[in-house]
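Student: Here it is, the structure, as structure tokens.
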Amino acid sequence: QKEVEQNSGPLSVPEGAIASLNCTYSDRGSQSFFWYRQYSGKSPELIMSIYSNGDKEDGRFTAQLNKASQYVSLLIRDSQPSDSATYLCAVNIGDSSASKIIFGSGTRLSIRP
Amino acid sequence: DGGITQSPKYLFRKEGQNVTLSCEQNLNHDAMYWYRQDPGQGLRLIYYSQIVNDFQKGDIAEGYSVSREKKESFPLTVTSAQKNPTAFYLCASSHLEASTNEKLFFGSGTQLSVL
């Protein structure tokens, strides 16, 4: 089982709709969860971080965390063409003495006009 | 400006050659990471370091080596033992003091290709 899993996509969503991206992780002790956006040929950039169960909203983005189900998601409302990118889920795995940040394989999102 | 700098942007390796990718940060971050990204794939962890003179293997360390002699620097050597080195290499750094400061700052990456 991979430590962090995502559907690779591509996920195609019409402009103005809600895009829903999902991620599961294997380490029950993980405390920190991140969503990064990556445009082709560029470095990833942080979209959201979440540490507690529930929802966290920032503009058009909402991160959702359910530690019991080991599941984290990202919702993008009012999707725009500029949202077309690969979205990477990342999880901090391990204890404080040797923690590491592991990424999923990414979900490619395409917003169609 | 504070940031994380990778060089070179493009690098070509001949068969049997070792090459070193540079990564420098002036953010006073404790942790530094090296990731490899293949086309259409996510980031895979090669090596990481939380303090000077100490580092741990990631998921795909074979064929790579690192050093952490200074807090600011974390160079990655791709050795001749790495038979398929062509990829986009990303260096990142972060704080360790508290969970809210763990976000990664990335360099602009190095594209390594085999001649």
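Just so it is clear, none of the values below were taken in a lab; they were calculated from the coordinates. Since the model is a prediction, treat every value here as computed from it, not as a measurement. Reconstructed Cβ throughout: ideal geometry from the backbone, glycine too, with neighbour counts over all protein chains shown.
Student: In segment B:39-89, how does Rg compare with the Kirkwood Rh, expressed as the Rg/Rh ratio over alpha carbon atoms?
Tutor: Details: Rg = 11.6 Å, Rh = 11.9 Å.
That ratio equals 0.98.
Student: Using only the Cα atoms of chain B, what are the Rg and Dmax in Å?
Tutor: Every Cα atom of chain B included, Rg and Dmax give 13.5, 44 Å.
Student: Can you count the Lys pairs in chain A with C-alpha separation below 24 Å, eight or more apart or on different chains?
Tutor: Working: A:2/A:67; A:2/A:100; A:42/A:100; A:56/A:67; A:56/A:100; A:67/A:100.
Close lysine pairs found across chain A: 6.
Student: In whole Hz and in residue order, list the ³J(HN,Hα) couplings for segment B:57-68 that follow from phi through the Karplus curve 6.51 cos²θ - 1.76 cosθ + 1.60, θ = phi - 60°; x for Gly and Pro.
Tutor: Rounded to whole hertz, the list is 6, x, 7, 9, 6, 4, x, 10, 9, 9, 9, 9.
Student: Averaging over every viewing direction, what projected area does the convex hull of the Cα atoms of chain A cover, in nm²? The partial results should precede the final answer.
Tutor: Details: hull surface 28.0 nm².
In nm², the orientation-averaged hull projection of chain A is 7.0.
Student: So if I place +1 on the C-beta of Lys and Arg and -1 on the C-beta of Asp and Glu, and nothing else carries charge, what would the dipole magnitude of chain A be about its Cα centre? I want it in debye, nearest 20. Walk me through the intermediate numbers first.
Tutor: Details: 11 positive and 11 negative charges, 33 e Å.
Here the size comes out at about 160 debye.
Student: While we're here: Using Cα-Cα distances under 8 Å and only pairs 6 or more residues apart, what relative contact order does chain B have, in percent?
Tutor: On the way: 291 pairs, mean separation 39.3, N = 115.
Reported relative contact order: 34 percent.
Student: Of A:34, B:105, how do they rank once you tally other Cβ atoms within 10 Å and put the fewest first?
Tutor: Numbers: A:34 25, B:105 19.
The fewest-first ordering by Cβ neighbours comes to B:105, A:34.
Student: Ranked by Cβ crowding within 10 angstrom, fewest neighbours first, how are A:48, B:32 ordered?
Tutor: If I rank by nearby Cβ atoms, fewest first, I get A:48, B:32.
Student: Also, quick follow-up: Neighbour counts of other C-beta atoms within 10 Å: give me B:60, A:18, A:111 arranged from fewest to most. Can you show the working numbers first?
Tutor: Numbers: B:60 15, A:18 12, A:111 20.
Fewest to most other Cβ atoms nearby, the residues stand as A:18, B:60, A:111.
Student: So how strong a dipole does chain B carry about its Cα centre when Lys and Arg Cβ are +1 and Asp and Glu Cβ are -1, to the nearest 20 debye?
Tutor: On the way: 11 positive and 12 negative charges, 78 e Å.
Rounded to the nearest 20 debye, it is 380 debye.
Student: In terms of modelled amide H atoms, which long-range or inter-chain residues lie less than 5 Å from the amide H of residue A:11?
Tutor: Under 5 Å from the amide H of residue A:11 lie the amide H atoms of A:108, A:109, A:110, each far enough along the sequence or on another chain.
Student: About the Cα centre of the protein assembly as shown, how large is the charge dipole given +1 on each Lys and Arg Cβ and -1 on each Asp and Glu Cβ? Please answer in debye to the nearest 20. Numbers along the way, then the final one.
Tutor: Working: 22 positive and 23 negative charges, 107 e Å.
Roughly 520 debye, rounded to the nearest 20.
Student: Averaged over every viewing direction, what's the projected area of the C-alpha convex hull for the protein assembly as shown? Give it in nm², one decimal, please. Intermediate values should be presented prior to the final figure.
Tutor: Details: hull surface 50.8 nm².
The Cα convex hull of the protein assembly as shown, projected and averaged over all directions, gives 12.7 nm².
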